[in-house]
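Enquirer: Dropping a structure here in structure tokens format, bear with me for questions.
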Amino acid sequence: MSVYLFFIVFLVLFLSIHTLFYLRVVRKLLHSSTIKKTITVLLALNFGFNLLYVLSRYTDLMTHKLYYFFSLSIGISFMIFLYLILHEILHIFHFFPLPANPSRRAFFKKSSDSLMLSFGASYVSVATYEGNKEPIVKTLQINLFDFSIVQISDLHIGGLIDRDFVRNAVKKINQLKPDIVCITGDLIDTDIHSIQESIKEIESIHATYGIYYILGNHEYFHNPLALINYMQTTSIKLLLNESITIDPLKVNIVGLTDLIGHRMKMFEPDIHKAFSRCNAHYPTILLAHQPKQIETLEDYQPELILSGHTHGGQIWPFNYLVQLQQPYVKGLHKLPNGNLIYVNSGIGFWGPPMRLNSQAEITYIT
């Protein structure tokens, strides 16, 4: 039932965006009828590709290249949405008073239309270019521990994030020779049975004291029980509201399940259970997928919190929407109690293979 509801909401939202763009922008263009017809056809094709994206996202009917092409249409739809907002703002406030001369008015209108359309094309092009860059290794020096940590988050294996992508990421991680590796959720974005080879690549990570993983919200959408059962057969330690103490490093690693568990009525986060077996003499690293889980900590004060979920906003200016829901979008922040939280921008992406003002990253904490 939830799948059908998703399809209906998706259809209504994207159909509305494309329809409004036609009515408010395309139909009022002063360019030739040929240009208007061409834009109309492209607009209709983009909406069709939106639907094919959803179809290919949850089936095996499309090739990898077709799926990539269709996923770009989602990013184009985001651009259309932004274009509409800007168009309406300019229309309401009349930032640019038009000349009285009719011919000059027409010239000004055509010029502004061309400028806006060029801006839209540039926006999509730059975001696509940035989205296809390899993840960078972002190094942090935090004077809390005398060992090294690699954090990755939001890999979203499935769709465009395939085994080759994972293998290349593992090579970069192994070059860092970390003591521990932390995966802060949204590791998968499809059924676990179809991506087991990719998970085996992650098992190839060489971390002296282990790989630790928590559930993100997307794991709940793809048979989380099957995922948990499979992960228990691997060398990756999945922390479900539990902790592990690493005596050689004198540190506790605590893992919380995701907040969506409350809504899904399964694997709900339990802060008391998660911290119950910590060694009180050791500092603690908390793995919590969403930054806003800091609001649920009560009296627990882990020295370092590692989060993800936000993708660093992924595509500007949607980072401002993320700020409405999350206290932090990306980077290192000091909490009121003096402890630290680091929000990873994600190593993969969700939806369109695009990024703008948000670099995919592997975090190396020394």
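Enquirer: Exactly one condition in (1) crowded, with 19+ Cβ neighbours inside 10 Å; (2) among the hydrophobic types (A, V, I, L, M, F, W, C); (3) within 23 Å of the chain's Cα centre (by Cα) is false for ILE228; which is it?
Expert: Single failed check for ILE228: (1).
Enquirer: Is at least one residue of region 6-17 open to solvent by less than 70 Å² (accessible area, probe 1.4 Å), within 20 Å of the chain's Cα centre (by Cα) and modelled with pLDDT under 80?
Expert: yes
Enquirer: Is it the case, given these coordinates, that ILE294 is of a type in the set (Val, Ile, Thr), at pLDDT below 95 and either under 11 Å from the mean Cα position of the chain (by Cα) or farther than 23 Å from TYR53 by Cα (or both)?
Expert: no
Enquirer: Could you tell me whether any residue of region 322-329 is among the hydrophobic types (A, V, I, L, M, F, W, C) and open to solvent by less than 40 Å² (accessible area, probe 1.4 Å)?
Expert: Taking every residue of region 322-329 in turn, at least one turns out to be among the hydrophobic types (A, V, I, L, M, F, W, C) and open to solvent by less than 40 Å² (accessible area, probe 1.4 Å).
Enquirer: Please work out which one of (1) modelled with pLDDT of 95 or more; (2) of a type in the set (A, V, I, L, M, F, W, C); (3) open to solvent by 60 Å² or more (accessible area, probe 1.4 Å) is the condition LEU340 fails and give its number.
Expert: (3)
Enquirer: For ASP162, all conditions in the list (1) within 23 Å of ASN357 (Cβ to Cβ); (2) touching a residue at least 12 places away in the same chain (Cβ under 8 Å) hold save one; what is the number of the exception?
Expert: Result: ASP162 fails condition (1) only.
Enquirer: Here's a follow-up. Can you name the residue in region 303-318 that is open to solvent by less than 20 Å² (accessible area, probe 1.4 Å) and not aliphatic (A, V, I, L, M) and is also farthest from SER276 (Cα to Cα) among such residues?
Expert: GLN314
Enquirer: If you go through region 172-186 one residue at a time, how many are open to solvent by 10 Å² or more (accessible area, probe 1.4 Å) and in contact with a His (Cβ under 6 Å, 6 or more places away or on another chain)?
Expert: Of the residues in that region, 1 qualify.
Enquirer: Follow-up. Could you check, for region 266-280, whether at least one of its residues is open to solvent by less than 40 Å² (accessible area, probe 1.4 Å), in contact with a His (Cβ under 9 Å, 6 or more places away or on another chain) and outside any strand (DSSP E or B)?
Expert: For region 266-280, residues open to solvent by less than 40 Å² (accessible area, probe 1.4 Å), in contact with a His (Cβ under 9 Å, 6 or more places away or on another chain) and outside any strand (DSSP E or B): present.
Enquirer: Within the bounds of region 287-302, is there any residue that is of a type in the set (Ser, Thr, Tyr) and open to solvent by 40 Å² or more (accessible area, probe 1.4 Å)?
Expert: yes
Enquirer: Please find, among ALA169, ALA127, the residue that is more than 29 Å from PHE81 (Cβ to Cβ) and crowded, with 19+ Cβ neighbours inside 10 Å.
Expert: Result: ALA169 is the single residue among ALA169, ALA127 that is more than 29 Å from PHE81 (Cβ to Cβ) and crowded, with 19+ Cβ neighbours inside 10 Å.
Enquirer: I need a count of the residues in region 187-202 that are assigned to a loop (DSSP other than H, G, I, E, B) and either open to solvent by less than 10 Å² (accessible area, probe 1.4 Å) or under 21 Å from LEU306 (Cβ atoms) (or both).
Expert: 2
Enquirer: Still on this model: State yes or no: is PHE96 of a type in the set (Phe, Trp, Tyr) and either part of a helix (DSSP H, G or I) or at pLDDT 90 or above (or both)?
Expert: When the stated conditions are applied, PHE96 does not pass them.
Enquirer: Take the residues of region 131-186 that are part of a loop (DSSP other than H, G, I, E, B) and among the hydroxyl-bearing types (Ser, Thr, Tyr): which is farthest from the chain's Cα centre (by Cα)?
Expert: Among residues in region 131-186 that are part of a loop (DSSP other than H, G, I, E, B) and among the hydroxyl-bearing types (Ser, Thr, Tyr), the one farthest from the chain's Cα centre (by Cα) is SER148.
Enquirer: Which pairs turn up if I take residues in region 204-230 that are touching a residue at least 12 places away in the same chain (Cβ under 8 Å) and part of a helix (DSSP H, G or I) and look for partners that are open to solvent by 20 Å² or more (accessible area, probe 1.4 Å) and of a type in the set (A, V, I, L, M) with beta carbon separation below 6 Å, at least 6 apart in sequence or on another chain?
Expert: As it stands, the answer is TYR220/MET264, since those pairs meet every condition given.
Enquirer: Since PRO352 meets every condition but one in (1) at pLDDT below 95; (2) over 26 Å from ILE188 (Cβ atoms); (3) not β-branched (Val, Ile, Thr), which condition does it not meet?
Expert: Condition not satisfied by PRO352: (2).
Enquirer: Got a number for residues in region 203-225 being of a type in the set (Ser, Thr, Tyr) and open to solvent by 30 Å² or more (accessible area, probe 1.4 Å)?
Expert: Result for region 203-225: 3.
The values are calculated or read from the model by the stated rules, or taken from the named source; none is laboratory data. Source: prediction; values computed, not measured. When we count neighbours, we look across all protein chains shown, and the Cβ atoms used for this are built from the backbone with ideal geometry, even at glycine. Remember, those area values only see protein heavy atoms, side chains included, never the ligands or the DNA or RNA. Shrake-Rupley method; radii C 1.70, N 1.55, O 1.52, S 1.80 Å.
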